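Novice: This is the structure I have questions about; it appears just below.
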Amino acid sequence: MNASRAAALLFFVGLLCWSGCGSDNVCDKAQHAVQNLVNAVSGCPAFTGGGDGGTTLIVAYNNATCQSGLSQCSSADQQTLSNTFDCFSKINRCVPGAELPFAGSILACYPPTNSISQTCRTAIGF
């Protein structure tokens, strides 16, 4: 996987975590997921560009945005987001030479697009 595609993927993960949550429980999970992803990405220079530990690839978590974003999401949407953040929180640290399986583990966490309502997807930028 080339570095620009990896960067785009990780940026999207960050964007989802930054803007896509709402109840305290889901927002807490989003915050933990972002922290885990920053740590996980930092293991592979191919994703980080070598020096920043991946922090420029993952948007900073914003609790206020999180709290307001989920007001547009149903309880089923929130459960799907919660499950997604749980999955992101379990991703292991990237190991140089194993970038493709690492990227696959991130992709495996994404829910099917139709599992989140259009209203929620619009509100969270998904």
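The values are calculated or read from the model by the stated rules, or taken from the named source; none is laboratory data. Keep in mind that this is a model prediction, so the values were computed, not measured. Please note: Cβ atoms are built from the backbone with ideal geometry, for glycine as well, and neighbour counts cover all protein chains shown. Note: accessible area is taken over every heavy atom of the protein model, side chains too, but ligands, DNA and RNA are not part of it. Shrake-Rupley method; radii C 1.70, N 1.55, O 1.52, S 1.80 Å.
Novice: Within region 68-121, list the trypsin sites (Lys or Arg not before Pro) lying in a DSSP loop whose Cβ has at most 10 other Cβ atoms in a 10 Å radius. It would help to have the intermediate numbers written out before the result.
Specialist: Numbers: sites: Lys90, Arg93, Arg121; in loops: Lys90, Arg93.
Within region 68-121, no trypsin sites (Lys or Arg not before Pro) qualify (loop, at most 10 other Cβ atoms within 10 Å).
Novice: For region 70-126, report the accessible area per residue in Å² (1.4 Å probe, heavy atoms, rounded to an integer).
Specialist: Here the per-residue accessible area is 52 Å².
Novice: Provide the gained length on full extension for the span Ser71 to Val95, in nm with one decimal, where the gain is 0.36 nm per separating residue minus the Cα-Cα distance.
Specialist: 4.9 nm
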